[in-house]
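Here the structure comes first, spelled out in structure tokens, and everything after it is commentary.
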Amino acid sequence: FAKAIGVNAVDIVAVLFRMGEMVTVTQSMSNDLIELVAAEMDAEINFVDADDLLFADYDEVQDDPADLIDRPPVVTVMGHVDHGKTLLLDSIRNADVVSGEAGGITQHIGAYQVTRDGRKITFIDTPGHEAFTAMRARGASVTDVAILVVAADDGVKPQTVEAIDHIKAADVPLMVAVNKIDKENADPVKVRTQLTEYELIAEEFGGDTTMVNVSAKTGENLDELLDLILLQADVEETKANPNRDARGTVIEAHLDRGRGAVATVLVQNGTLRVGDNLVAGVASCKVRAMFDDVGERVTEAEPSKPVMVLGWSDVPDAGDEFRVVDDERTARDIAGDRATRARKEELANRPRLTLESLGDAVQEGQLTNLNLVVKGDVSGTVEAVAAEMDKLDLEGVRTRIVRKGVGAVTNDDVVLADASDAIIIAFNVRPEANARQTIEETGVDLRQYSIIYKAIEDIEAAVKGLLAPTF
Ligand code: GDP
């Protein structure tokens, strides 16, 4: 950052110090902090999303309206546990298979398609709002219609309300399936009355929320539900352009023993083809093969079609957006770049034990053991330091020497210190070049001394929270 705004790093540390932020030169700063410092130093800055830079060569393709075709609506089912989400999804699918449309054997790949009056509907096959929220948290919005399932014999329950909140927050059109109407004690009118409390007013009550009584068990009114979904799709005009490179979302992914990383993706725009090069999160993929929801091998997937894709370098995360890029190399580079950034962010966010933070950690009771790696130029010094450290009783904090040795601080010393959250005490020795690099990456605290009592003094002061920051 100092380089970027043409100042000395030490000046930034000084500015931060005045702001009450004790940092070292290698520490990461949050965007907010960068903004404050920039303002303080009269530097004009502009944040860009690193991902936008990666895709700078892939500027948004503007779809020609003439290319747009109707795509099947994508439906997610939500509601309270045991209200019948799973059975509803199974029954809709089985009815379709029985009707003879599907040829192969149904496969659970995370989403499936059914056909109603020659039109397709895509269902996301992982019910529950956890999947929905997880996707949304990753910025993915795949759902065109959310079906809220409420059991007519049980009524509105806590997870019903949670689901309503999530659907509203996502601004997705909502329809209610009042389920289990085959049951003797079913009271679908009561469900409608309860739902008015959440501003869901049934059409027959003069509101604008579509509600339909169904039975996932007997299949009653499931056709009606599909018709209503298609009607909603007509209102929304779900459209996409098949004549462009595909993009979409990872619905489900796992490691398969025989086939390696596999992921089910939902194509949201464009057409995905075997041989395409993809990036999704930190994974890249040269599409080796694709299978649809009845296990048939396919070479193409058009908008709203879920397919299981083989050929991934890694297992992507559900909710990751995938995009097609020009070649394998670009895909690998972008995925690699993201992985590096993700690792750095994780490290920056991980609280690192430093001598300065020691006092706080002790006071908060988070620290009862202080781990140390001791390196020195001669074994006599190392032993002396280790012995002194062992003797320290610091307000209930026990010191533990996880490694002691003669010689420069090696990369492995840093790796060990990182893993055991230890502080490195170096006596008249320096870190090797690659160790220095790892120190920068991990934020491990390395202290260099040439006088034993100074080291002891520092540690005692640090435990009491009295250590003055060093720059
Ligand atoms: P989920 O937790 O919402 O996925 O609920 P399930 O689909 O697992 O259903 C919970 C229980 O309710 C199961 O025993 C189902 O067989 C039963 N069930 C679901 N729908 C109906 C229905 O329409 N009528 C009846 N009688 N039982 C149903």
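The values are calculated or read from the model by the stated rules, or taken from the named source; none is laboratory data. Treat the numbers as computed from the prediction; the structure is a model and nothing was measured. As a convention, Cβ positions derive from the backbone with ideal geometry for all residues, glycine included, and neighbour counts pool all protein chains shown.
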Inset, instruction - Please verify whether the range 166-184 includes one or more residues that are touching a helix residue (DSSP H, G or I) at 6+ places or on another chain (Cβ under 8 Å), of a type outside the set (Val, Ile, Thr) and within 14 Å of the ligand (Cβ to nearest atom). - result: yes
Inset, instruction - Could you check, for the range 234-251, whether at least one of its residues is under 19 Å from ILE167 (Cα atoms) and within 16 Å of the ligand (Cβ to nearest atom)? - result: no
Inset, instruction - Read through the list (1) on the phi > 0 side of the Ramachandran plot; (2) without any contact (Cβ under 8 Å) to a residue 24 or more places away in the chain; (3) in a strand (DSSP E or B), then give the number of the only condition that GLY311 fails. - result: (2)
Legend entry - Hits in the range 293-306 (condition: surrounded by fewer than 22 Cβ atoms within 10 Å (Cβ to Cβ) and in a loop (DSSP other than H, G, I, E, B)): VAL294, GLY295, GLU296, THR299, GLU302
Inset, instruction - Considering each of ASP418, ASP445, ASP413 in turn, give the residue that is at pLDDT 80 or above and under 22 Å from VAL13 (Cα atoms). - result: ASP445
Inset, instruction - Could you grab me the full set of residues in the range 382-439 that are closer than 14 Å to ASN371 by Cα, part of a strand (DSSP E or B) and without any contact (Cβ under 8 Å) to a residue 40 or more places away in the chain? - result: ASP393, ARG398, ARG400, ILE401, VAL402, ARG403, LYS404
Legend entry - Among (1) modelled with pLDDT under 95; (2) assigned to a strand (DSSP E or B), the one test that VAL235 misses: (2)
Inset, instruction - Test PRO72 against the stated conditions and say whether it is assigned to a loop (DSSP other than H, G, I, E, B), surrounded by 22 or more Cβ atoms within 10 Å (Cβ to Cβ), touching a strand residue (DSSP E or B) at 6+ places or on another chain (Cβ under 9 Å) and at pLDDT 95 or above. - result: yes
Legend entry - Residue that is modelled with the highest pLDDT, among those in the range 364-390 that are farther than 22 Å from GLU432 by Cα and out of contact with any helix residue (DSSP H, G or I) (no Cβ under 9 Å at 6 or more places or on another chain): ALA387
Inset, instruction - Select from the range 238-264 the residues that are part of a strand (DSSP E or B) and among the small types (Gly, Ala, Ser) and write down the one among them that is farthest from ASP70 (Cα to Cα). - result: GLY260
Legend entry - Residues of the range 266-292 satisfying the condition of being part of a strand (DSSP E or B) and among the aliphatic types (A, V, I, L, M): LEU266, VAL267, LEU272, LEU278, VAL279, ALA280, ALA283, VAL287, ALA289, MET290
Inset, instruction - Go through the range 117-135 and count every residue that is modelled with pLDDT of 70 or more, within 19 Å of ASP82 (Cβ to Cβ) and in contact with a helix residue (DSSP H, G or I) (Cβ under 8 Å, 6 or more places away or on another chain). - result: 2
Inset, instruction - Quick one: which residue in VAL214, VAL309, VAL250, VAL265 is modelled with pLDDT of 95 or more, among the aliphatic types (A, V, I, L, M), touching a Pro at 6+ places or on another chain (Cβ under 8 Å) and buried (at least 24 other Cβ atoms within 10 Å of the Cβ)? - result: VAL265
Legend entry - Checklist (1) touching a helix residue (DSSP H, G or I) at 6+ places or on another chain (Cβ under 7 Å); (2) modelled with pLDDT of 90 or more applied to ARG436, failing item: (1)
Legend entry - Members of the range 29-51 that are surrounded by 10 or more Cβ atoms within 10 Å (Cβ to Cβ) and either more than 16 Å from VAL15 (Cα to Cα) or free of Cβ contacts under 8 Å to residues at least 24 places away in the same chain (or both): SER30, LEU33, GLU35, LEU36, ALA39, ILE45, ALA50, ASP51
Inset, instruction - For the range 23-41, indicate whether the set of residues that are assigned to a loop (DSSP other than H, G, I, E, B) and on the phi > 0 side of the Ramachandran plot is non-empty. - result: no
Inset, instruction - Would you be able to say whether some residue in the range 441-450 is among the hydroxyl-bearing types (Ser, Thr, Tyr), surrounded by fewer than 21 Cβ atoms within 10 Å (Cβ to Cβ) and in a helix (DSSP H, G or I)? - result: yes
Inset, instruction - Provide a single number: the residues in the range 80-112 that are modelled with pLDDT of 90 or more, away from the ligand (no atom under 14 Å from the Cβ) and in a loop (DSSP other than H, G, I, E, B). - result: 2
Legend entry - Odd one out for VAL212, checked against (1) away from the ligand (no atom under 14 Å from the Cβ); (2) among the aliphatic types (A, V, I, L, M); (3) closer than 23 Å to THR238 by Cβ; (4) out of contact with any Gly (no Cβ under 9 Å at 6 or more places or on another chain): (1)
